[in-house]
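Worksheet for the structure shown next.
The values are calculated or read from the model by the stated rules, or taken from the named source; none is laboratory data. Being a predicted model, the structure only gives us computed values, none of them experimental. Don't worry about glycine lacking a Cβ; one is built from the backbone with ideal geometry, like all the others, and counts go over all protein chains shown. Note: areas computed on protein heavy atoms with side chains; ligands, DNA, RNA excluded. Shrake-Rupley method; radii C 1.70, N 1.55, O 1.52, S 1.80 Å.
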Amino acid sequence: SVSSIVPESCLLIVVGLLVGGLIKGVGEEPPILKSNIFFLFLLPPIILDAGYFLPLRQFTENLGTILIFAVVGTLWNAFFLGGLMYAVCQLSGPSLNHIGLLANLLFGSIISAVDPVAVLAVFEEIHINELLHILVFGESLLNDAVTVVLYHLFEEFANFEQVTILDIILGFLSFFVVSLGGVFVGVIYGVIAAFTSRFTSHIRVIEPLFVFLYSYMAYLSAELFHLSGIMALIASGVVMRPYVEANISHKSHTTIKYFLKMWSSVSETLIFIFLGVSTVAGHHYWNWTFVISTLLFCLIARVLGVLVLTWFINKFRIVKLTPKDQFIIAYGGLRGAIAFSLCYLLDYKHFGMRDMFLTAIITVIFFTVFVQGMTIRPLVDLLAVKKKQETKRSINEEIHTQFLDHLLTGIEDICGHYGHHHWKDKLNRFNKKYVKKCLIAGERSKEPQLIAFYHKMEMKQAIELVESGGIGKIPSAVSTVSIQNINPKTLPEERVLPALSKDKEEEIRKILRNNLQKTRQRLRSYNRHTLVADPYEEAWNQMLLRRQKARQLEQKMNNYLTVPAHKLDSPTMSRARIGSDPLAYEPKADSENLPIITIDPASPQSPESVDLMNEEPKGCGGLPPSPEEDEEGLVMRVKEPSSPGTDDVFTPGTGDSPSNQRMLRCLSDPGPRPEPEEGEPFIPKGQ
């Protein structure tokens, strides 16, 4: 019941304190966690277990965020803490005045890195969601390169009489050498391990040995040249796993899995117990100002670094980090045995204040592991942070995951934006075409990913069935041993495809090459300023604009200036009305030069349907009407025929001033009518 409240790491440190006190109580000297033992024997199993079983998809999708936290965040913590501690030492009086800037920066680089062992011990117990777990744990793994570089850099600078700008530039470049060199060493050993496992089909017993041997050799080779051993271990585990698992037997896979888990668990236990024992056995120098300032500035630097970096990162992330996530990331920055061991490696000759550094580091470790480690579980429950969901992957989920990957890759290709999906697809194609054929033996190299996943699930279900006692449901002819060592079925004969002629085959290839492969060509990203202009587009735009203006003018005239239309009479009523007043439609006596309109009273055609387009009252041209024009009233003139090739809709006439057109529409429009169809002029012809 105690372990549900107090983390395992805290209990192990308490056990170490009790063991150390007991040894000291009987007059013996308690053993101290020596740095060589820690770095050569206790740390590699934990890192190999983390790297070999690293959730690669979540890690690669959040790699940018992890690198920013690991590199920029660790540098910020180291220099912020070292600078402030130097200021504290200068202001504290003679007891701390002798500690220089380089010593404080070295101390800041040791204490600033998040410890992977402590993070694993605490975060695996609270079952936090995958995103937060991979962000904090990935940061603790990758910040090793920064810690190694800064540690060796300031340790070397302490031996120099004067540090020049060239030394600083070389120190900056050494970061890339240490990190990328460690990754390169790990990749080389991972490829060698995968290639070796291709030829172990007749000696299955020693298959797990190659995994441990090559991984440990990668770590030792990197440490030999002062490269990052942790980066080398992670790279070798990530590279070798997919190929090794395809080559080795299922029993070897189970052996590797459980041996790594057991080995890392034992190492973690020994590390925390030795931390407790070393606390009792070590030589300490307590300075209240230095220790309290270290603890306070560690917390402030972590919080400020996470807030500022997350504000910057959220500008580029699709899934934003919420304030709750930021709090857990800042609160999960635990320190552990790596800082203790690095400080224990310091030489008394150059760093006489090593005991005070050790005391401050142990205080910070105890505070982060005990206080933060014990309170993070209730805080996660209080803030309702999303927990990890223990769900088994299914074929359905795998199919949809692959489908979405292909879909996003296609979208990136069409847009001309080559993001991480495009490069991931390129890497998968290269892996399938070349690497798998070299590193995987037999038919497994050609097996699709989905089929391989199905075989893995099938084997897992069979083993679970055996372990749960459900073997009784299987026919008695099949034994437990035969299930685990079942031989693969012979491949069915390939279906005979109808033969195609050479011409037909070449035609199909030409169609595919011309149409489907166009998306693979490098395209410029979409930009409205760089689009190719269509030569006919400008003319079409002008024509559409004129039509739109004409429609708007017609709608306005319909709404505001249109005389309401008369209801059409029946033919009988029209004849009666025209017969009763025939003089109303006769021309005036003075208009001899105008055409005469003769209306048959028996005709059902009303005068409103006469097709004369230029009807205007005298005086509408802006001049006052003369008395003769007043007497003439409304004069009807024949419209001049349009010349061929001109647009009779949009070409203005001689008397088509805006006021004339407005009055013309007012007098000639019989009333509101339905909207004209697309492409039809608003003045119908030939009515």
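Structure summary
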item	result
Residue count for segment 355-411, restricted to those that are closer than 30 Å to SER341 by Cα and open to solvent by 30 Å² or more (accessible area, probe 1.4 Å)	9
Residue that is modelled with the lowest pLDDT, among those in segment 268-319 that are open to solvent by less than 40 Å² (accessible area, probe 1.4 Å) and basic (Lys, Arg)	ARG317
Where ALA330 falls short, out of the listed (1) under 21 Å from ILE110 (Cα atoms); (2) touching a residue at least 40 places away in the same chain (Cβ under 8 Å)	(2)
Lone qualifier among GLU155, GLU139, GLU125 - being among the acidic types (Asp, Glu), crowded, with 16+ Cβ neighbours inside 10 Å, in a helix (DSSP H, G or I) and modelled with pLDDT of 85 or more	GLU139
Per-region count, segment 1-39, residues without any contact (Cβ under 8 Å) to a residue 40 or more places away in the chain and either of a type in the set (S, T, N, Q) or touching a helix residue (DSSP H, G or I) at 6+ places or on another chain (Cβ under 8 Å) (or both)	6
Selected residue [of a type in the set (Val, Ile, Thr), closer than 21 Å to GLY82 by Cβ and in contact (Cβ under 8 Å) with a residue 40 or more places away in the chain] from VAL303, VAL364, VAL280	VAL364
Residue match in segment 85-92 (condition: part of a loop (DSSP other than H, G, I, E, B) and surrounded by fewer than 22 Cβ atoms within 10 Å (Cβ to Cβ))	yes
Residues within segment 284-299 that are in contact (Cβ under 8 Å) with a residue 40 or more places away in the chain and closer than 24 Å to CYS10 by Cβ, tallied	7
Looking only at segment 199-215, and only at residues there that are over 16 Å from TYR189 (Cβ atoms) and free of Cβ contacts under 8 Å to residues at least 12 places away in the same chain, the one that is surrounded by the fewest Cβ atoms within 10 Å (Cβ to Cβ)	HIS202
Candidates ILE68, ILE5, ILE32, filtered to the one that is out of contact with any Lys or Arg (no Cβ under 7 Å at 6 or more places or on another chain), modelled with pLDDT under 90 and surrounded by fewer than 17 Cβ atoms within 10 Å (Cβ to Cβ)	ILE5
Test: ILE47 is closer than 12 Å to PHE274 by Cα and either β-branched (Val, Ile, Thr) or in contact (Cβ under 8 Å) with a residue 24 or more places away in the chain (or both)	no
Lone unmet requirement of (1) in contact (Cβ under 8 Å) with a residue 60 or more places away in the chain; (2) under 16 Å from ARG57 (Cα atoms); (3) exposed (fewer than 13 other Cβ atoms within 10 Å of the Cβ) for ILE414	(2)
Complete set of residues in segment 158-168 that are open to solvent by 90 Å² or more (accessible area, probe 1.4 Å) and assigned to a helix (DSSP H, G or I)	ILE165, LEU166, ILE168
Check on LEU173, under 30 Å from ILE440 (Cα atoms), part of a helix (DSSP H, G or I) and either open to solvent by 40 Å² or more (accessible area, probe 1.4 Å) or free of Cβ contacts under 8 Å to residues at least 60 places away in the same chain (or both)	no
So LEU101, is it farther than 28 Å from GLU223 by Cβ, at pLDDT 90 or above and open to solvent by 10 Å² or more (accessible area, probe 1.4 Å)	no
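Residue-by-condition table, conditions (1) modelled with pLDDT under 85; (2) more than 30 Å from ILE37 (Cα to Cα); (3) among the small types (Gly, Ala, Ser):
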site	(1), (2), (3)
THR322	no, yes, no
ASP325	no, yes, no
PHE340	no, no, no
LEU346	yes, no, no
ALA360	no, no, yes
VAL369	no, no, no
MET374	no, no, no
VAL385	yes, yes, no
SER394	yes, yes, yes
